[in-house]
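Below: one structure, written as structure tokens.
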Amino acid sequence: MTVTDTENTGSTEPQLSPAGNPMGFGRMLRKEDVRFLRGHGHYVDDVQLPGMLYSAILRSPYAHARIVSIDTSAAEAHPKVRAVITGATLEGLNLAWMPTLSHDVQAVLATDKVRFQGQEVAFVVADDRYAARDALELIDVEYEPLPPVMDATKALDPDAAVIRTDIEGKSDNHIFDWEAGDAAACDEAFAGAEVVVEQDMLYPRVHPAPIETCGTVASMDPITGKLTVWSTNQAPHAHRTLYAIVAGIPEHKIQIISPDIGGGFGNKVGIYPGYVLAVVGSIVTGKPVKWVEDRSENLMATAFARDYHMKGRIAATKDGKILAVQVDVLADHGAFNGTAQPTKFPAGFFHIFTGSYDLQAAHCKVTGVYTNKAPGGVAYACSFRITEAVYLVERMVDVLAYELGVDAGELRMKNLLRPEQFPYTSKTGWEYDSGDYPRALRKAMEIAGYDELRKEQAEKRERGELMGIGISFFTEGVGAGPRKHMDILGLGMADGSELRVHPTGKAQLRVSCQTQGQGHETTFAQIVAHELGIPPEDVEVIHGDTDNTPFGLGTYGSRSTPVSGAAAAVVSRRVRDKARIVAAAALECSPDDLEWTQGRWSVKGDPEQGRTIQEIAMLSHGSLELPEGVEGHLDASVVYNPPNLTYPFGAYICVVDVDADTGKVHVRRFIAVDDCGNRINPMIVEGQIHGGLAEGVGMALMQAIAFDEDGNCLGGSFLDYLLPTALECPSWETGATVTPSPHHPLGAKGVGESATVGSPPAVVNAVIDALKPYGVRHADMPLTPCQVWLAMQGRPARTDLALT
Amino acid sequence: MQVTVTVNGEEHTSEVEPRLLLVHYLRDHLGLTGTHWGCDTTNCGACTVWLDGVPVKSCTVLTAMASGHEVRTVESLEVDGVLDPVQQGFMQEHGLQCGFCTPGMMMTARRLLDDVPDPSEQQIREGISGNLCRCTGYENIVRAVRWAAEHPATEEAPA
């Protein structure tokens, strides 16, 4: 691995703290590692409470079937079983259905029929894990199988079975139609274009598959009526409100604790039936109840991602000026519409699909349909479907390059937005905050040695060897979002933060977001250090506990640094302002006479006269007489409502070799130049990028959740759903440019999902480029050896269906 | 049935069900929750421990199979307040993010370094290919193992 030039990371070399950490931005080893390295992380399945019971869920073997009867008597007779709960039990509690995040409902336990394989049918609470599983075998369910709808392209056929018979008057599987952009302007651009290219493509259903599966421990105190829930979730405050709404428990009596989370990637945003069932189980038994799903349950029943069938069209001039992009999407949402995204955007942020290019017109139309598959759709580090958008436009640009016979790098360079066009309002309404796109692409091409690679490729082609070079350029939109435009279930997407500086100058920062490995305990302490001059080792970051943190919407969509990070900066500045008044009182001068140098207010022109933030902390808690209206103590709180999204971007280049005999793809190199604005902790930022790049290789080459025509999930274990290991990943070559966000208080943009969003098309473009001698213009992911081989035969497969 | 398992040098005698998986014995019976469970099918490696010095996936080992044998878990890596070079390497090179795969990954890495003290990048990648990580893209794990190879007897623990 070559870490290449990371010039201009946005900050000057900071001073070092007594512990040798940067007094602000810079590489700092992670605070959280101290426990993780010793095996002392505390994850949900590590929670042990006195008298705790264990539970398990009986799931449907069918994708679509009517439930004729459920006999639980044998299970109830098991000596270790404490409760057996079915849909009928829940109906009595008005809990059989719960709201989804997309204004639909989802069955907690099936009552009328099952709608996907793996759907929750019954719930058992027992003395131990093994007994709970044993009891599932004793439940007798009689099903009457119904024809399943497994092919999204046939979901709207007149003869397709109607899945959502629970919705009154529902006679088809249609969920919504939604469009963005200007259809008429787009039609006009296409009508007058010299070149029009069309390409159908599928972004297949994938699953985030964090190594820790989902789980919960629910403990209802029968005396106080307080419900405490430990759960794997990325949004504890939103969960609390939802529990209050779903279960009718008063919100002030609910405490949600997200302890350490073993990876989220969007899989742990929503509330799953198992979480609700554990609460019910605790209420019924009067004991704490643990529920932890197994891997198959995780893959088959929790939030999947993507499943977008896209028909793309691109219009251009003969010399390669791109004029317009148009796309029709068929979105497979599974059996319940449970996508997690801001309310106004049923297709998430997909309509950022104009990407990084200066177009005359753009239009998209998205139709959502029900199928007999697990619900979900917006998950897996996708930035609310920007993953699909980037894939669409970056593949279309390559398809255009193929048809025009021009170099894909040159074509991009010719059409990228220019720096002077920022802030730029896209044809679908996004206001990109800042960027220098050509600089990032040039840098990636330099690191790659692009011209030499093309030369090597030409030589190899002469010899019949298959080598491919793929480029993608992405524009992200993260940090949702301005509450005027963005809410989830009516909850505006602003984040609170509270900062308390204790008398001895040590601080506690409380944030609403929830780390799943992103290193918030370190990065957010660095933000406080940067703003206040308190060493980062003296700042404790408190998160993941709704009783002890302010309200906010959580960590997904790369929103932690853009929203909660901004809140941390602003709250630190408020404390700094308060400290100025206290310092002025102590120095018997006007606050206006003071100036701030790192960690200290001092008299302008007389720097000897001053007080450090630590001295001010003690003074503000002491007997110093403070001016009228200043209450003392050194703390502040804030709610940060972002004025706009931030727009990270980057240029990626992938180099592959393909074995012509087996179709096996070897990713030889991957070059990633990311611009996420100012970098608070470059080490952590790089780590985030590395992880996303591996996800891109996985999605492009290995991962897909397909189904056979009977509705069987073909990706229900790690034996079937293949994730990249260290052997499939190359040594990542990273580089950076820095274009600060003009509206974020730290000039940061967020980076958590950039690489997952940007990397899949680079890998796919590289493989397709390698197959050019075979006349291959497109083949859908995952480009497994089989799919590559089929593409070479001119008959690439539908990767969402079983191979026949 | 009664089993006697030596875990991190300490002998434990317990009454267990014959079907009890080693990972559950370690976690639920002995409270050694540093060993994680992730997949059930020996694919992910989050549950990797040593059985008589050999890394095994404890989700597919019965406790009974470990009876009379020696098990070593992540909790044993730190000795007298000094972190193992592998632990230090993971910290220095940012070889972990969520931390869930980390204990298994480190147990695999420790064995690899015992067998191959100066491994190449390719040897490291092959050595850890039975352990999945979803966060790091493996790059910094490879560097962490290299760090440990280059600092085999570091005395000081990082802060």
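No lab work stands behind these numbers, since they all come straight from the coordinates. In this text, all values refer to a predicted model and were calculated from it rather than measured experimentally. Ideal geometry is used to build each Cβ from the backbone, glycine not excepted, and the neighbour counts take in all protein chains shown.
Modelled spin labels at A:Ala802 and A:Val162, positioned 7 Å past Cα toward Cβ, are 2.9 nm from each other.
How shielded is A:518-527 by partner chains, expressed as the average number of their Cβ atoms within 10 Å of its Cβ atoms?
Values: counts 3, 4, 0, 0, 0, 0, 0, 0, 0, 0.
The mean count of partner-chain Cβ atoms within 10 Å per residue comes to 1.
Cα centroids of segment A:28-96 and segment A:617-663: 35 Å apart.
Return the loop-located trypsin sites (Lys or Arg not before Pro) in segment A:325-432 (DSSP other than H, G, I, E, B) with at most 10 other Cβ atoms within 10 Å of their own Cβ; answer none if there are none. Within segment A:325-432, the qualifying trypsin sites (Lys or Arg not before Pro) (loop, at most 10 other Cβ atoms within 10 Å) are A:Lys344.
Only sites in a loop by DSSP and with at most 12 other Cβ atoms within 10 Å count here; which GluC sites (Glu not before Pro) in segment A:172-230 make the cut? Intermediate results must be reported in sequence, preceding the final value.
Working: sites: A:Glu179, A:Glu188, A:Glu194, A:Glu198, A:Glu212; in loops: A:Glu194, A:Glu212.
Taking segment A:172-230 and a limit of 12 other Cβ atoms within 10 Å, the loop GluC sites (Glu not before Pro) found are A:Glu194.
With a ≥ b ≥ c the root eigenvalues of the C-alpha gyration tensor of segment A:68-109, is it rounded (a/c under 1.5), prolate (a/b larger than b/c) or oblate? Prolate shape, in that a/c is at least 1.5 and a/b is the bigger ratio.
Do any GluC sites (Glu not before Pro) in segment A:344-405 lie in a DSSP loop with no more than 16 other beta carbon atoms within 10 Å, and if so, which? Counting only loop positions with at most 16 other Cβ atoms within 10 Å, none of the GluC sites (Glu not before Pro) in segment A:344-405 qualifies.
A:Glu476 sits among other residues whose Cβ lies under 12 Å from its own Cβ, and their net charge, with Lys and Arg +1 and Asp and Glu -1, is -1. Build a GNM of chain B with springs between Cα atoms under 10 Å apart, and of B:Val116, B:Val145, B:Val56 the one that fluctuates most is B:Val116.
Estimated from helical segments only, the mean residue ellipticity of chain B at 222 nm is -8000 deg cm²/dmol, where each DSSP H run of four or more residues counts as -39500 (n - 2.57).
A:Glu709 to A:His666: extension gain in nm, 0.36 nm per residue of separation minus the Cα-Cα distance?
Details: separation 43, 0.36 × 43 = 15.48 nm, distance 3.17 nm.
Length difference between fully extended and current span is 12.3 nm.
Over segment B:2-76, the Kirkwood radius and the radius of gyration, each from Cα atoms, give a ratio Rg/Rh of 0.91. Computed over neighbours whose Cβ is under 13 Å from that of A:Lys506, the net charge equals -3, Lys and Arg +1, Asp and Glu -1. Annotation: the antiparallel percentage among DSSP beta bridges lying fully within segment A:235-383 is about 45.
Taking a 32 Å limit on the Cα-Cα distance, which of the listed pairs A:Lys427/A:Lys460; A:Lys113/A:Lys287; A:Lys170/A:Lys290; A:Lys253/A:Lys373; A:Lys226/A:Lys268; A:Lys287/A:Lys506 fall beyond it? Those over the limit are A:Lys427/A:Lys460; A:Lys170/A:Lys290; A:Lys253/A:Lys373; A:Lys287/A:Lys506.
Given in Å, the Rg to one decimal and the Dmax to the nearest whole number for the Cα atoms of segment B:85-150 are 10.1, 28.
What net charge do the residues around A:Trp596 carry, taking every other residue with its C-beta under 13 Å from that of A:Trp596, with Lys and Arg at +1 and Asp and Glu at -1? Mind showing how you got there, number by number?
Values: positive: A:Arg573, A:Arg576, A:Lys578, A:Arg580, A:Arg600, A:Lys604, A:Arg611; negative: A:Glu531, A:Asp577, A:Asp592, A:Asp593, A:Glu595.
My count for the surroundings of A:Trp596 gives +2.
Could you tell me whether chain A comes out rounded, prolate or oblate from its Cα gyration tensor? Rule is a ≥ b ≥ c as square roots of the eigenvalues, rounded for a/c under 1.5, then prolate if a/b exceeds b/c, otherwise oblate. It is oblate, given that a/c is not under 1.5 and a/b is not larger than b/c. Each label point was placed 7 Å from the Cα along the Cα-to-Cβ direction; for A:Asp128 and A:Arg27 their separation is 4.8 nm.
Stokes-Einstein diffusion coefficient for segment A:494-640 at 10 °C in a medium of 1.306 mPa s, Rh from the Kirkwood formula over Cα pairs: what value in µm²/s? For the chosen part, D equals 103 µm²/s. With each pseudo-label sitting 7 Å past Cα toward Cβ, what's the A:Asp659-A:Gln421 distance in nm, one decimal? Result for the modelled spin labels: 4.3 nm.
Based on the Cβ-Cβ distance from A:Arg463 to A:Asp720, what FRET efficiency comes out when R0 is 41 Å, to the nearest 0.05? Mind showing how you got there, number by number?
Details: r = 37 Å, r/R0 = 0.90.
After rounding, the FRET efficiency stands at 0.65.
Where both residues lie in the protein assembly as shown, what percent of DSSP beta bridges are antiparallel, nearest 5? Once the DSSP bridges in the protein assembly as shown are tallied, antiparallel ones form about 80 percent.
Per residue of A:207-213, other chain Cβ atoms within 10 Å of the residue Cβ number 6 on average.
Per-residue ellipticity at 222 nm from helix content only, as computed over chain A with -39500 (n - 2.57) for each DSSP H run of at least four residues, stands at -8000 deg cm²/dmol. One Cα centroid belongs to segment A:517-550, the other to segment A:752-804; the line between them spans 42 Å. The mean number of partner chain beta-carbon atoms within 10 angstrom of a residue's beta-carbon across peptide B:88-95 is 4. Quick check: Cα centre of segment A:131-203 to Cα centre of segment B:33-112, how many Å? Measuring centre to centre over Cα atoms gives 43 Å. Tell me, what is the FRET efficiency for A:Asp451 and A:Glu403 to the nearest 0.05, using R0 = 30 angstrom and their Cβ-Cβ distance as r? Taking R0 as 30 Å, the efficiency between A:Asp451 and A:Glu403 is 0.85. Once C-alpha pairs closer than 8 Å and six or more residues apart are averaged by separation and normalised to the residue number of chain A, the relative contact order reads 16 percent.
Placing R0 at 30 angstrom, the Cβ-Cβ distance between B:Gln122 and B:His151 gives a FRET efficiency of 0.90 after rounding to 0.05.
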